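Reading through the structure tokens given below for one structure.
The values are calculated or read from the model by the stated rules, or taken from the named source; none is laboratory data. Since this is a predicted model, take the numbers as computed values, not measurements. In this analysis, Cβ positions are derived from the backbone assuming ideal geometry, glycine residues included, and neighbour counts consider all displayed protein chains.
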Amino acid sequence: MIIKVENIAKSFRKKIVLRDVNFNMEKGSLCGIVGENGTGKSTILRIIVGECKADSGNVYVDGKLGYCPQNTLLFSQLTVDEHFHYFSAAYGIGKDELYDHCEELMIHFNYKQFKNEKIANLSGGTKQKLNLSIALISQPDLLILDEPYNGFDWDTYLMFWDYTARLQEKGCAILVVTHMLSEKERFDRIYNLENGYLV
């Protein structure tokens with residue numbers, strides 16, 4: 001088991017967002033969490049990655065975690081290449097390993113031509129490609145994606161699913177959170193978040 005979420009509850013002031021949330025995932029599995037905007041989907045992810053503390057309950061993760069948030073965490077005056085070096089330092093990734101993996105990601109998602117461009121000059125879709133790539137540079141055991149394909153064109157959308165299939169073959173578990181889920185046949189399990197409960 002790569003992740004186990006037990007009895008998570010969370011309120012913001014008097015508003016109850018999550019009530020007794022439980023789920024788990026095995027290595028190589030693909031799971032989705034769906035629900036309307038504002039139901040608490042992103043809150044679950046933020047609790048899993050440690051950005052937000054639950055009022056009660058526990059989260060157990062066995063392995064490296066990669067997180068692609070809904071809002072890109074990018075610096076407008078840095079280039080694509082500088083972002084890879086910046087985040088690789090945080091992950092403790094060596095230069096040779098970083099170069100090979102970043103080249104692979106840029107080629108796969110078709111944005112190598114923007115390697116030396118500043119973020120301020122990039123389209124929203126290219127920023128999202130980089131946002132996803134940063135979550136992948138540590139080669140995680142668990143990849144958590146919050147609305148990952150917002151801004152993708154159709155070709156990039158297909159590239160996304162092709163890459164996730166490769167990750168699953170290597171044993172990486174992937175959790176996708178979105179307000180609207182397509183490609184349902186790809187998923188091992190789909191949860192719905194409604195009134196704070198995950199079913």
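Quick check: is even one residue across region 103-123 touching a helix residue (DSSP H, G or I) at 6+ places or on another chain (Cβ under 7 Å), of a type in the set (Asp, Glu), touching a residue at least 12 places away in the same chain (Cβ under 8 Å) and surrounded by fewer than 20 Cβ atoms within 10 Å (Cβ to Cβ)? Yes, because at least one residue in region 103-123 is touching a helix residue (DSSP H, G or I) at 6+ places or on another chain (Cβ under 7 Å), of a type in the set (Asp, Glu), touching a residue at least 12 places away in the same chain (Cβ under 8 Å) and surrounded by fewer than 20 Cβ atoms within 10 Å (Cβ to Cβ). Within region 46-86, the set of residues being more than 21 Å from PRO140 (Cα to Cα) and within 19 Å of the chain's Cα centre (by Cα) comprises LYS53, PHE75. Put simply, of VAL5, VAL59, VAL80, VAL49 the only residue that is farther than 20 Å from ASP146 by Cα and surrounded by 15 or more Cβ atoms within 10 Å (Cβ to Cβ) is VAL80. Being touching a residue at least 12 places away in the same chain (Cβ under 8 Å), outside any loop (DSSP other than H, G, I, E, B), assigned by TED's automatic domain parsing to the domain that holds ASP162 and touching a helix residue (DSSP H, G or I) at 6+ places or on another chain (Cβ under 9 Å), is that true of even one residue in region 51-59? Within region 51-59, one or more residues are touching a residue at least 12 places away in the same chain (Cβ under 8 Å), outside any loop (DSSP other than H, G, I, E, B), assigned by TED's automatic domain parsing to the domain that holds ASP162 and touching a helix residue (DSSP H, G or I) at 6+ places or on another chain (Cβ under 9 Å). When you look at SER56, is it among the small types (Gly, Ala, Ser), under 27 Å from ASP155 (Cβ atoms) and at pLDDT 90 or above, yes or no? For SER56, the condition - among the small types (Gly, Ala, Ser), under 27 Å from ASP155 (Cβ atoms) and at pLDDT 90 or above - is not met. Being within 19 Å of ILE44 (Cα to Cα), of a type in the set (A, V, I, L, M) and either in contact (Cβ under 8 Å) with a residue 12 or more places away in the chain or not assigned by TED's automatic domain parsing to the domain that holds GLY32 (or both) is a property that MET180 has.
Among residues of region 1-31 being among the charged types (D, E, K, R) and over 24 Å from GLU185 (Cβ atoms), the one that is nearest to the chain's Cα centre (by Cα) is LYS4.
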